[in-house]
Structure formats: C-alpha cells, structure tokens
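The values are calculated or read from the model by the stated rules, or taken from the named source; none is laboratory data. The shown structure was predicted, so the numbers you read here are calculated from the model rather than taken from an experiment. Heads up, the Cβs are rebuilt from the backbone with ideal geometry, glycines too, and the neighbour counts pull from every protein chain shown. Heavy atoms of the whole protein, side chains included, go into the accessibility calculation; ligands, DNA and RNA do not. Shrake-Rupley method; radii C 1.70, N 1.55, O 1.52, S 1.80 Å.
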Amino acid sequence: MPIYSYLQQKTPELLQLLQESVNHDSPSRDKAHGDRMADWFARQFVRLTGGKVERVKNPTYGDQLRCAVGNGDKQILILGHYDTVWPLGEVSRRPFSVKDRKAYGPGVYDMKAGVLQAIFALHALQQLDRLPADKRIVLLLNSDEEIGSPTSRQLIEEEAMRSAAAFVLEPPAEPGGALKTWRKGSARYTLTVKGVSAHSGVDHQKGISAIEELAYQIAALQALTDYSRGTTVNVGVIKGGIGANVIADHAEAEIDVRFMSMAEAKRIEEHIVHLSPVLKGTRLDVQGGIRRPPMEKTEQTSALFALAHAIMREEWGESLDEAGTGGVSDGNFAAACGVPTLDGLGARGGYAHSPNEFVYLDDIPKRAALLACLLERC
C-alpha cells in the first residue's frame, strides 16, 4: 500500500490525538505541565512505532525526549518541540475545535500537529515495512524551544553531530507550503547608558542625559541595518528616566540583530560592543551576544530539497517551493554543526503565536507522507 493511502486511513486517529495534545496546556516555563505533555507524547510514540524513548531529565523545564526507531548505523534526526507560547489555562479558554476543515487551538500549528505528523510517518514506515535497515531515526522533542532552547541546545547539537541529515517540524512558509532551506541567525544585546542626574529646571546645565546619549546610539544602531547583506538591527525596547523634571542618569535599550552568515554576525557584534559615547561624561555598557547561528544554505541542503521536490512530483504531481526566513528555529543549531538541514516539514496552516492559529486538516496526511518518503530515501 502507498504510504499516503495508509496515512489517509490513519487520519481520524491522528486527529483524535491532535485534539488530546492540544487540550494539554504546555507552556515553556511550567515544568509540571511540560512533564505531563512529555509523558503523553512518549506513550504515543512507543504505542505507534514500537520504538524506544529516552527521557532526558530537566530540572528547570519539561524533560526532553529522545525517541528512536531502527537499529542502523545511519542516523537521521527529526527536531520538534512540545512547548507552546500560551500561558497556563489557555486551553480552558479556547480548547481544540474544528471548523471548515481547519483545526484550531493553542499550539495546534506550532507545533503539535507537526509532531504527530512525524510520529505517524514513522508508524507508517514501520507498519509497511519500509524503514530502511541501515537507518536509525531519532525524533528529539524539546521543552523550551519557544524561549530559545536554553537547556536543549547542547542535546540538539550532540544528536546533530551523529546525524547524516536533519528535518525540522516547524511550519512551512505560506502560502504554498514551501520548505525552508535557510534561516537567519539572531543575536540580542542590552545597551545601558549612565549619565548624570540633575533637576531639569534648577540645574539643567549640571546634568548629562542618559536618554539623549541613548538617542544618539539608537540612530547609530539602526543605521547598521543593511538589506543588501540581509542584516537587520532593531532597537525594540527602551527604558530610562524617572520623571519629566529630572535629567535621566540611566537609560537602556534592547537590541535584536538578524544576519545571514557568522561572518556578518561577528562584523555587527564588533560595532555594537565597541560603541563610543557621544556626550562627554556618559558611559556605555553592552551585554549579550549571538543566540542562534544562521542556518546557511549549502549544496547538501539543496540536495535534500531536490529530493523533497522530486517526491512531490512523483507522488502527487505537484511542485514544491523553497524559501528562507528571518525567524529562527532549532534547525539553526543543527545546521551550524555542518548537518544538511531541511526545515518547514511541519503542518500547513497559519497565524502562529496568535489566538487564530490553525492547521489545514486535508494537508496533514500529505505532509506526513512527504516526511516518511524523505526518511525512507534520504
């Protein structure tokens, strides 16, 4: 039986499990609820694939899961996460629902549907005896992706170093469901300015405004944006002062940087960490650094995409596009380890991180089948 036909038959079961998973609150910072979500996914993985689950204990967030099937020497890595951006209690406010062939609910799109697609893809390969004997497939589910994967990065990189390829279950680019062959990297910095306070009416000349100095620095930072290089610098939060009649002796700014290459990341960082005061008597302090390296497009990644495109043509007579994004994912970490990485293999839908997030129900078996075929043939 073709993989796609089999997965179409299994779609009602997948949708029942999607409802169960979405109706579990799993905010990144709540360990108890994260662990319950991990329990649930571990049970479904073992039941559906017959594979093994190694639980990686996490003292701060939910435990990570290393789910594996196959005994071959060639490891293929699938990256996903079960945490969501939504606070505790969001499920009770807007539980899973279906309308007009779309499923709604907290985390349905980012990325509980994608994780279930991967589990059912592995289930189909097992049941149809199409899992290659030379392969071991590892599905790594982390609990803190939505806050930057602070405790998961090392595990992701360790597994990536063992793998011949990595597939990421983040949603594809819409419209069209394009796979992502590159992502920008990201950095965050906090710039703090120290000035001299004074009464703005009585002793204005004795003060040195940290806010004025910050204004000069913001203009210099924003000027580092260079669209021709794919580099953006954004000062997104500013703070300073205690009152309109007080010259501020303190101000700070939070800075987001996106870049296409590590060389560009280091070039921008050199500018930021060596900023100089404009106003005499002020002092600058910069904290922060590169958070995620870029997922740079390589020949090996292009080859993976070419395989996915060929599968779409052969199986459904459809085209498949590739795209890139300024957003980041755990795929950034895998790609930086030198592993060919293909992203956007999750569920099709829209409105991530919004109360309106949804997935297209009719696309679920096709996207699961695409992943299964990639795992079989890569």
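Overview of results
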read-out: Protection-proxy order for peptides 59-65, 128-134, each taking the mean of Cβ atoms within 10 Å per residue, highest first; value: 59-65, 128-134
read-out: Under 5 Å, built H, 5+ apart or other chain: amide partners of ARG136; value: GLY72, LYS74, GLN75, ILE76
read-out: Taking the chain and dividing mean pair separation by its residue count, relative contact order in percent (alpha carbons under 8 Å, at least six apart); value: 23 percent
read-out: Between 0 and 90°, nearest 10: helix 262-273 axis offset from the chain longest Cα axis; value: 30 degrees
read-out: Net +/- balance of residues flanking LEU320 in space, Cβ distance below 15 Å, scoring K and R +1, D and E -1; value: -2
read-out: Accessible area, probe 1.4 Å, largest first, for residues LYS184, LYS99, LYS280; value: LYS280, LYS99, LYS184
read-out: In degrees, nearest ten, helix 364-377 long axis to first principal axis of the chain (Cα); value: 80 degrees
read-out: Projected-area mean, the chain, by convex hull of Cα positions, square nanometres; value: 20.7 nm²
read-out: Rh (Kirkwood; distinct C-alpha pairs) - region 229-325, Å; value: 17.7 Å
read-out: Under Karplus coefficients 6.51, -1.76 and 1.60, residue-wise ³J(HN,Hα) of region 122-127 in Hz, glycine/proline x; value: 5, 4, 5, 4, 5, 5
read-out: Rg/Rh (Cα only; Kirkwood hydrodynamic radius) as it applies to region 87-232; value: 1.16
read-out: Relative packing of peptides 331-343, 36-48 - highest average C-beta neighbours within 10 Å first; value: 331-343, 36-48
read-out: Most to least packed among 359-367, 13-21 [average Cβ atoms within 10 Å]; value: 359-367, 13-21
read-out: Carbon + sulfur, % of accessible area of region 290-354 - ligands and nucleic acids excluded, 1.4 Å; value: 44 percent
read-out: Label-point gap, in nm, between GLN205 and TYR351 - each point 7 angstrom along Cα→Cβ; value: 6.0 nm
read-out: Spatial separation of Cα centroids for region 92-163 and region 239-291, in angstrom; value: 37 Å
read-out: Selected from VAL138, VAL273, VAL53 as most flexible by GNM, with the chain as the system and alpha-carbon contacts under 10 Å; value: VAL273
read-out: Gain upon complete extension [ASN23, ASN245; 0.36 nm per residue less C-alpha separation]; value: 74.8 nm
read-out: Per residue value of the accessible surface for the chain (all protein chains in place, 1.4 Å probe), Å²; value: 43 Å²
read-out: √(5λ) per eigenvalue of the Cα gyration tensor, region 291-370, largest first, Å; value: 23, 20, 9
read-out: Angle in degrees between helix 299-316 and the longest Cα principal axis of the chain, rounded to the nearest 10; value: 50 degrees
read-out: Assigned charges on the beta-carbon of Lys, Arg, Asp, Glu; the chain dipole about Cα centre (debye); value: 340 debye
read-out: Net charge, TRP86 excluded, C-beta distance under 12 Å - Lys, Arg +1, Asp, Glu -1; value: -3
read-out: Derived scalar couplings ³J(HN,Hα) [region 42-55; Karplus, 6.51 cos²θ - 1.76 cosθ + 1.60; whole Hz; x for Gly, Pro]; value: 4, 4, 5, 5, 5, 5, 8, 10, x, x, 10, 10, 9, 9
read-out: 5 angstrom amide H check on ALA198, placed H, neighbours 5+ away; value: ILE247
read-out: Protein accessible area in region 40-107, 1.4 Å probe - carbon and sulfur %; value: 52 percent
